[in-house]
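Throughout, read-outs are computed from the coordinates displayed, never taken from laboratory work. Here the structure is a predicted model, which means the values were calculated and not measured. A quick note on method: Cβ atoms are made from the backbone with ideal geometry, for glycine too, and the neighbour counts reach across all protein chains shown.
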Amino acid sequence: MKYSQVIPARFLRRPNRFVAQVELEGRECVVHVKNTGRCKELLQPDAKVYLAVGGNPARKTAYDLVAVEKNRPDKAPLLVNLDSQIPNDVAEEWLPRSGLFSPAVVIRREVTYRSARFDFYLEDGPRKIYLEVKGVTLEHDGVASFPDAPTERGVKHLHELVEARQNGYETFLLFVVQMKEMRSLRPNDVTHPAFGDALREAARNGVKILAMDCLVQPDSLVIDQPLPVEL
């Protein structure tokens, strides 16, 4: 996945979850934040951020904030992709080469199952699979965690994956960790214990839990290596 044009800027403040104010080429401007999560540990004053140039001249904001360099004590900054809309795109690129399926696998996006709507439905010979994707931008001391804010929607998705599994489908939850240098992924039980409980219940009921890190550049994101999931 590659953005067509990306430019650096300096983060100033975030008045609300949809927009941020940045300094770009010596002037202050308002940009769209492509992540409605809290991101407080990432969007700190003076952080270096990267803006994707929007292609729609009718938009109120000309740029999307898509990545940030997280400052760390005694370490080089960690580049994190913040775009919450992009994990499904990189997952779609990765799935055919993941080794999980045959080259003949058929992949469809945004498919309804009963009252649920999953990110992917795959058919691979006799295998029928539902797969849900979660993007991860939160980390602490080299451990990625999800979610960064309570997500009742995420809990609902886990229950729906369990239901589909009990009705004969294969089911996956894929965490796309939008950074490198992580040792593992854990549920964020402090922020939302119900999600952690639902994740462990899903694993017990046969939902396959996967986590993959990413190669991150200011203008690109590519799924790279598996991470251990510590439930």
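How large is the convex hull of the Cα atoms of segment 116-197 per residue, expressed in Å³ as a whole number?
Working: hull volume 8.2 nm³, N = 82.
Looking at segment 116-197, the number lands at 100 Å³ per residue.
The GluC sites (Glu not before Pro) found in segment 158-221 that occupy coil by DSSP, while having at most 16 further C-beta atoms within 10 Å, are E181. Once the Cα-Cα distance is subtracted from the 0.36 nm per residue extended length, the D74 to E181 segment shows a gain of 37.1 nm. Within segment 1-62, report the trypsin sites (Lys or Arg not before Pro) that DSSP leaves as loop and that have at most 14 other Cβ atoms within 10 Å. Passing sites in segment 1-62 are R17, K40, R59, K60.
Sorted largest first, the principal axis extents computed over the alpha-carbon atoms of the chain equal 58, 37, 30 Å.
Which shape class, rounded, prolate or oblate, goes with segment 58-117 when its Cα gyration tensor gives a ≥ b ≥ c as root eigenvalues, a/c under 1.5 marks rounded, and past that a/b bigger than b/c marks prolate? The shape class here is oblate. Counting only Cβ charges, +1 for Lys and Arg and -1 for Asp and Glu, the dipole size of segment 1-109 around its Cα centre is about 280 debye. So which GluC sites (Glu not before Pro) in segment 14-57 pass both tests, a DSSP loop state and at most 11 other Cβ atoms within 10 Å of the Cβ? When the GluC sites (Glu not before Pro) of segment 14-57 are filtered for loop state and at most 11 Cβ neighbours within 10 Å, E25 remain.
Could you sort out which of K40/K75; K60/K156; K34/K208 sit more than 26 Å apart by Cα distance in this structure?
Details: K40/K75 19 Å; K60/K156 34 Å; K34/K208 28 Å.
Violating the 26 Å limit, Cα to Cα: K60/K156; K34/K208.
The dipole here belongs to the chain: it is taken about the Cα centre, uses +1 on the Cβ of Lys and Arg and -1 on the Cβ of Asp and Glu, and is about 380 debye. A dipole drawn for the chain from +1 and -1 charges on Cβ atoms has a positive end, and of P226, A194, A91 the residue lying farthest that way is A194. Measuring r between the beta carbons of D219 and V105 and using R0 = 30 Å, the FRET efficiency lands at 0.55.
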